[in-house]
Structures are given as C-alpha cells and as structure tokens.
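Have a look at the structure below, then the notes.
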Amino acid sequence: MSDKKTLHVLGLSGGKDSAALAMYMRDNYPELDIQYYFTDTGKELPEVIDFVNRLEGYLGKEIIDPYEEVFSSNRKKKDFDYHLAKHKNYLPSPQARWCTIQMKLVPFEMWIEKKRKEEGYDEVISYVGIRADEPARTGFLTNSNNEEYLKIRMPFREDGLNKKDIFDILQGADLLADTEEVINYRKLFIDPQSNMPVEPSEKEIINHFETEILNISNSTYKSANLTVELYRKIVEAMDVGKPGYYGWRSRSGCTFCFYQQKIEWVRLKQIYPAAFDEAKGYEKTAEEKRPDGTFYWLGKDTPLSTLEDKERIEQIEANHEKRMARFIKKAKRRQNQLQINFVNIETEVMDEAYDEVEGGGACVTCYK
Ligand code: SF4
C-alpha cells in the first residue's frame, strides 16, 4: 500500500456530468475523502448557483471555491471584470481563452499548491466526469508544471457508465423535487381521487403550463419572457433532476460563454435580458476601446446587437428548428446508439446537431 498522502478533488462546473459524478462518488466510493470545488466566475446563471447549493446539501459536504480558499475573504474577488480590464478589454474567445485560465485554472492551481505546502500532500487526484460513451480526453487546458503530482481519474469511463447512467443518477438524486414547478408538474401524473399514477394527455399538459406561466412566482423566471413551450422544457429538465437551464441551453458556464450556439444567445436574451445586455455592453466597450477591432461572440462582424432585429431572431429560430428536426429524424433511426429517449432531447444533442464535439471545444472545467 502506498504511503503517499493523497488529496482527492472533484471540480463542479454547474453542469450535469460533474454533478452526477459527485453523487456517484459519494454513493460508490464513500471511503474517499473528496474535496468538492466550484469556481464561481461571478457570471453564472442563478440556476447554476441554486443547483450547486442543492448539491452541497446532497453531498453533505462543503463545496469550496478555490479562490476564496487562497485569498482572504475580505479581498475583492478577481472576477471577469477585473481580468477583462487587465486584458485591456480584449474579449476572451476560443482562440484566446484567458477566461478559463484566469478565472478557473489559476485559482485551482494556487489552491492545490497551498494545500500541498500547508498540509503536505504528495499527490493530487482529480476526478473528471468523462463518460464511457465519449472520447477519452482530459479536456483540461494545460498551463502548469503540475503533471508530476496531479493525476486525472475518470470513474464513469473506468466503471463503464454512459449518458443514460448519468441521467439515472440525476433522476435518482432528484435535487429539484421540492421546487414549486416540479411539485405542480408531477401532480399531473397522479389521479387526485385514487392517488394512482395516470398519463395526462398532451392537451392537459399544455393547459397546465398555460395556467402556470401566468403565475410564476419563482424569482428565477418571473421577469423572463417565456413562451409556454420554453417554460415546459425548463420544467421537464428539472423534473428529471437537471438544472432548469438544460431546457434551453446545452452548457453550464458563464452567461456570455462564446461556445454557445446562436439559438442559445437568443434564449439568453429572452430569459435573462439583463445578462444579455451585459454581454452586449462588453462588446460595445471592446469596440470603443480597442483600436485594433474586437472579437464578437456571435461570430465575425456580428455583434450581439444584431439580435435586436426581430426578423434575425425568427431566422435563427427557424434554422434551429429545421436543424433539430433533421438531426432527430436521423437519430431516431439509430436510437440505440444515443441511449436516451427523445423527451427533452434538444439541449442534450445540441453540439452533435451542430456537428461539434460535446462541449463545443470548451474544456471540462467549464461545461461538464
Ligand atoms: S464558461 Fe466560457 S466564458 Fe466562462 S470561463 Fe469557460 S470558456 Fe470562458
């Protein structure tokens, strides 16, 4: 037996795979004293923060923020705005992903170094939620010399767990079961007289959401410009144990993450208009302050302000619908390969439908 002192860590992105991995490790490897962490960029969706808080209760262990572990709490956190100013308003992009390095990897490495120095750890094992049904990769950006003591383990891959298993874990934990939306939705599936399970008709489901949407009291969505269809997708995601944002967005991470698809920007504008305006503001400042031009998050020469055009939005929505319909038609022919059913599938296959690898090129730190 090794006499090395080992620090076990598991990073949560706010996404489903890392959350499911934390649940899986708690239940299957209770002998490991794992330190869970979540690096809050300050630009997360409220749903992400809520989900991480719920997860903390489920795990029965504190989820720490590496940054706060390294610096004293009374020092202002170096968030996106701080780093943007340091980068002279040079917006992060897939080619210049300083955001992940500065906001996530550097605090993580500093925290690990502090733990090693102060507590004498010889090695660090980091558990990552790469599944058995996806390509082997660490998915980390490398900017350090920590290879000699940092090891990556992929328990889902090692134990043969795929996407469906991850769904089962999330559904089993059912972290959002006590939300008003989920409680009310599930009433549809129980006969009030007999208390027996029933299958509501499509019309009854739509009626339910049409009524509910008029009475949204949850502060997360009360100012959102939701359609019945979108609200339904959000609640259906919550009903299967995923954060509600999986009803309209395929990834965790910053509100303005440049890996999101155009349709996700459209929905961000619809659901979190203030976050969208903030992103638009960053682009505008970059335009004004960078004489050499700026990167636009939607793509070349396409500022977010182009989404103020109603026709443009309709075009993006129509293109997305067409693409998804095409993809789902093809996917149904090879359903066994997808290993999922077709309820609430859209955000699960978003990257695949857009011919991108899962995560769209982002590292696991951000989207897993
Ligand atoms: S989520 Fe996107 S914007 Fe945020 S740190 Fe990661 S790559 Fe950068």
Cα pair distances in the stretch 141-208, grouped into 10 Å bins until the bin that holds the longest one, percent each: 15, 25, 24, 17, 10, 8, 1
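What does the extension gain come out to for Glu356 and Asp191, with contour length at 0.36 nm per residue minus their alpha carbon separation?
Details: separation 165, 0.36 × 165 = 59.40 nm, distance 4.32 nm.
Once the chain is fully extended between Glu356 and Asp191, it gains 55.1 nm.
Hey, could you grab the Kirkwood Rh for the stretch 1-89? Inverse mean 1/r over distinct alpha carbon pairs, Å, one decimal.
14.8
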Helix-only CD estimate at 222 nm, as mean residue ellipticity for the chain, using -39500 (n - 2.57) per DSSP H run (n ≥ 4): -13000 deg cm²/dmol
The stretch 6-164, relative contact order in percent, only Cα pairs under 8 angstrom and at least six apart counted: 27
Projected area, mean over directions - the stretch 146-277, Cα convex hull, nm²: 11.7
Burial ranking of peptide ranges 7-13, 159-165, 26-32 (average Cβ count within 10 Å, highest at the top): 7-13, 159-165, 26-32
Radius of gyration and maximum dimension Dmax of the stretch 267-308, Cα, Å: 10.5, 33
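Would you work out if the stretch 208-250 is rounded, prolate or oblate? Take a ≥ b ≥ c from the square roots of the eigenvalues of the alpha-carbon gyration tensor; rounded if a/c is under 1.5, else prolate when a/b is larger than b/c, oblate otherwise.
Numbers: a/c = 1.67, a/b = 1.48, b/c = 1.13.
It is prolate, given that a/c is not under 1.5 and a/b is the larger ratio.
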P(r), alpha carbons of the stretch 6-164 - 5 Å bins starting at zero, rounded %: 2, 8, 16, 20, 21, 18, 10, 4, 1, 0
Kirkwood Rh in Å, taken over all unlike Cα pairs in the chain: 22.0
Mean-position separation - Cα centroids, the stretch 94-127 and the stretch 1-62, in angstrom: 15
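Where a number appears in this text, it was derived from the coordinates with a stated rule and is not lab data. Computed from a prediction, not measured in an experiment: that's the story for all the values here. Cβ sites come from the backbone with ideal geometry, for glycine too, and all protein chains shown count toward neighbours.
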